[in-house]
Structures are given as C-alpha cells and as structure tokens.
Amino acid sequence: MPHSPIASADRPPLVSILVVNYNSGEWLARCAQAALASTVSIEFLVGDNASSDDSLLRLSSACGGDPRLSITENEANLGFAKAVNRLLGNARGDWLLLLNPDCLLAPDTLERTVEILSTARTQHPRIGMSGVLIRNPDGSEQRGCRRLLPTPQSAFFRSLPFGAALARKFGISPVAANFDLTGTPLPAAPVAVPAISGAFMLVSREALDVVGGMDEGYFLHCEDLDWCARFSRAGYEILFVPEVEIIHRQGACSEGRRLRVEWHKHRGMARYFRKFHQDASLPLRICVHLGIWLRFCAVAFLILLIQPFRKSAGT
C-alpha cells in the first residue's frame with residue numbers, strides 16, 4: 001500500500017488516532033511511541049481529562065517534538081464519550097481510531113488492518129467500524145473484543161450469581177447469556193459481529209458522518225456498545241479482523257478507583273437498556289434494572305472488602 005508516514009496541511013493523514021487519557025502513567029507515552037512508529041500516515045490526538053499524575057509530562061518528554069502529536073487539556077474529567085467527541089471535531093483522517101492509552105500497536109497494525117478492510121469490502125460493502133484481536137499481556141484473548149449486544153434476557157442472566165447455569169436450564173447458551181464471544185473458535189477471516197471493544201475501534205469517516213459521535217449521556221463504559229448499536233441500526237457492519245492482533249494491558253486509567261468505575265459501568269448499562277429496549281415488557285425491564293443494581297451492590301461489597309488487603313499488600 002503506498003503511504004507517507006507524515007501528513008501535511010493539504011494532505012490529511014490516513015488514520016487519526018484518538019486517545020482519552022486520565023492518569024494512565026507511563027502507558028500514554030508508550031502507546032504514543034508505538035503508534036507514531038506506524039507505517040501509514042497518522043495523527044495522534046490526546047484528550048486529557050484533567051489528569052493529576054505525570055502522564056502528560058511523560059508524553060511530552062517522549063514525543064513532544066513530533067508534529068503529529070496534539071494534546072487537548074480538558075478543564076475537568078468530562079468522561080470518555082464527551083472527550084472523544086471533542087477529539088473527533090479536530091480529527092482529519094479518513095479513518096478514526098479510538099484507542100485506549102494502555103494499548104500497544106505494532107508498526108504495521110494500521111497498514112495491515114486498512115488493507116484487509118479494503119479487500120473485505122467485496123463481501124462487506126458497508127463497513128462502518130472494525131476491531132482486531134485484542135490479547136492480554138499473557139497472550140490470551142481479552143474478554144469483550146468480539147461480543148453480542150446485550151438483551152434484557154442476557155443482562156438478567158448475567159446479573160445472577162449462577163446465571164450461566166440457570167440459562168442452560170432454559171435452553172439458552174452461555175454465550176447468549178453473557179453476550180461475550182471470547183472463548184468461541186476464532187474465525188479464519190474477517191467476520192461481521194454485533195459489537196467490539198472500545199479499546200480499539202477503527203471507524204470510517206463516511207460512516208461517522210452518518211451516525212454521529214458518541215452519546216455523552218454515558219460517562220464511562222457502555223458508550224462503545226451504544227455506538228455499535230447505532231452503527232448497526234444505520235445499516236453499517238462492524239467487522240472483527242482476527243488476522244491483526246494488539247496487546248491491551250487493561251485498567252491503566254482505573255487503578256485506585258475501582259468502585260467509581262463500577263458505578264459508572266452499571267449506570268451505563270442501565271442507560272443502554274432504557275435507550276434500546278423500551279419495547280420490553282414492564283416486568284422484564286424492572287427485573288433487568290433490579291438485577292443491574294443488585295449486581296453493583298455485590299461488586300461494591302467485594303471491592304470494599306478486598307480493598308484494605310490490597311492496600312496492606314501494596315497493590
């Protein structure tokens with residue numbers, strides 16, 4: 001694929017990489033250094049949500065002289081969706097990549113992905129978004145990198161302590177009850193999936209202009225599921241590309257605030273169901289929302305129980 005590693009004012013980059021940062025420490029600089037080594041033309045746009053650590057200093061020290069780097073310092077922690085939308089307004093690329101700061105790209109990650117998508121258009125002419133195979137640092141496939149969209153039934157079973165076993169008794173597969181395709185056989189070629197992980201979302205400019213930015217009603221978590229649902233409703237396919245892999249350390253921006261993160265995660269899920277499943281029966285909607293908040297209470301109890309031991313252990 002012909003390319004130029006450096007974009008110019010009259011020639012926009014092939015890919016705009018958008019990273020929302022909040023106290024990600026050394027990982028932001030590592031992410032930027034890896035991305036800036038890409039073999040295609042990029043710009044690297046950072047939206048910082050009023051970080052209190054040294055992540056921006058580390059980034060400036062490592063990459064501050066690179067003209068492809070742009071930093072927007074937000075006045076407060078705006079949440080993920082609102083910070084992404086601010087960056088989208090400044091992005092110039094034909095493709096827009098939402099990337100978590102604790103993800104590491106290889107130099108050819110973007111080149112290979114765009115090449116594969118170009119070839120895949122013969123079978124998938126309306127590609128709006130794509131994800132790749134995301135691996136944990138130990139090499140295992142990361143949960144949520146390919147998944148189903150939540151339904152009231154799957155959310156209900158997932159909220160129960162033994163939901164998977166109960167789902168099987170009702171003839172529902174564990175995958176459908178958990179809306180996660182991780183652990184199922186990997187496809188050999190790109191395949192359309194209902195949803196991908198927000199850690200790596202490569203979006204086409206054309207589709208973005210139709211669908212629009214993220215829903216700012218979400219603060220953290222579930223805005224990616226919302227976006228996937230909206231892309232699908234607009235007639236665009238979401239493609240999972242198993243041939244390309246990245247490493248995602250996961251959790252760099254949430255360490256030390258697990259309870260707050262869980263609160264926003266469950267709040268986001270409740271918003272998702274209010275928005276996309278208003279046609280469900282009232283008893284089912286009540287059960288789903290009750291299950292969401294009971295699950296939050298259980299998770300919060302475990303966090304508060306374990307937290308003192310983690311602190312005493314220095315973790």
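The values are calculated or read from the model by the stated rules, or taken from the named source; none is laboratory data. Everything quoted here is computed from the prediction, not taken from an experiment. Heads up, the Cβs are rebuilt from the backbone with ideal geometry, glycines too, and the neighbour counts pull from every protein chain shown. To get the accessible areas, we keep the full protein, side chains included, count just its heavy atoms, and leave off ligands, DNA and RNA. Shrake-Rupley method; radii C 1.70, N 1.55, O 1.52, S 1.80 Å.
Odds and ends about this structure:
Each row is one residue, and each column tells you yes or no for (1) closer than 28 Å to Pro12 by Cα; (2) of a type in the set (Val, Ile, Thr); (3) over 14 Å from the mean Cα position of the chain (by Cα); (4) open to solvent by less than 20 Å² (accessible area, probe 1.4 Å).
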position: Glu73; (1), (2), (3), (4): yes, no, yes, no
position: Leu87; (1), (2), (3), (4): yes, no, yes, yes
position: Gly93; (1), (2), (3), (4): yes, no, yes, yes
position: Asp108; (1), (2), (3), (4): yes, no, yes, no
position: Thr113; (1), (2), (3), (4): yes, yes, yes, yes
position: Arg126; (1), (2), (3), (4): yes, no, yes, no
position: Gly131; (1), (2), (3), (4): yes, no, no, yes
position: Ser154; (1), (2), (3), (4): no, no, yes, yes
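- Helices (runs of 4 or more DSSP H) lying entirely in the stretch 44-139 (those with 2 or more residues that are more than 17 Å from Ala29 (Cβ to Cβ)): 80-88, 109-120
- Scanning the stretch 269-292 for residues that are outside any loop (DSSP other than H, G, I, E, B), aliphatic (A, V, I, L, M) and within 22 Å of Arg233 (Cα to Cα) returns Met269, Ala270.
- Look at the stretch 82-95: where a residue is without any contact (Cβ under 8 Å) to a residue 60 or more places away in the chain, no partner that is surrounded by fewer than 19 Cβ atoms within 10 Å (Cβ to Cβ) and part of a loop (DSSP other than H, G, I, E, B) sits 6+ places away or on another chain with Cβ atoms under 7 Å.
- Taken over the stretch 207-246, the criterion of being at pLDDT below 95 and on the phi < 0 side of the Ramachandran plot is satisfied by Leu220 alone.
- Any hit, the stretch 8-21, residues being open to solvent by 20 Å² or more (accessible area, probe 1.4 Å), in contact (Cβ under 8 Å) with a residue 60 or more places away in the chain and of a type outside the set (Asp, Glu): yes
- Annotation: of all residues in the stretch 199-213 being part of a loop (DSSP other than H, G, I, E, B) and open to solvent by 10 Å² or more (accessible area, probe 1.4 Å), the one that is nearest to Ile246 (Cα to Cα) is Gly213.
- Given (1) open to solvent by 20 Å² or more (accessible area, probe 1.4 Å); (2) touching a residue at least 12 places away in the same chain (Cβ under 8 Å), index of the condition Tyr218 fails: (1)
- Among the residues making up the stretch 261-296, those that are of a type in the set (D, E, K, R) and over 29 Å from Val132 (Cβ atoms) are Arg274, Asp279, Arg285, Arg295.
- When we screen Arg143, Arg135, Arg147, Arg92 for residues that are farther than 25 Å from Leu220 by Cβ and either of a type outside the set (S, T, N, Q) or out of contact with any Lys or Arg (no Cβ under 7 Å at 6 or more places or on another chain) (or both), the only hit is Arg92.
- Condition met for Ala37 (over 15 Å from Leu104 (Cβ atoms), among the hydrophobic types (A, V, I, L, M, F, W, C) and open to solvent by 10 Å² or more (accessible area, probe 1.4 Å)): no
- Test: residue in the stretch 275-287 that is aliphatic (A, V, I, L, M) and surrounded by 17 or more Cβ atoms within 10 Å (Cβ to Cβ): no
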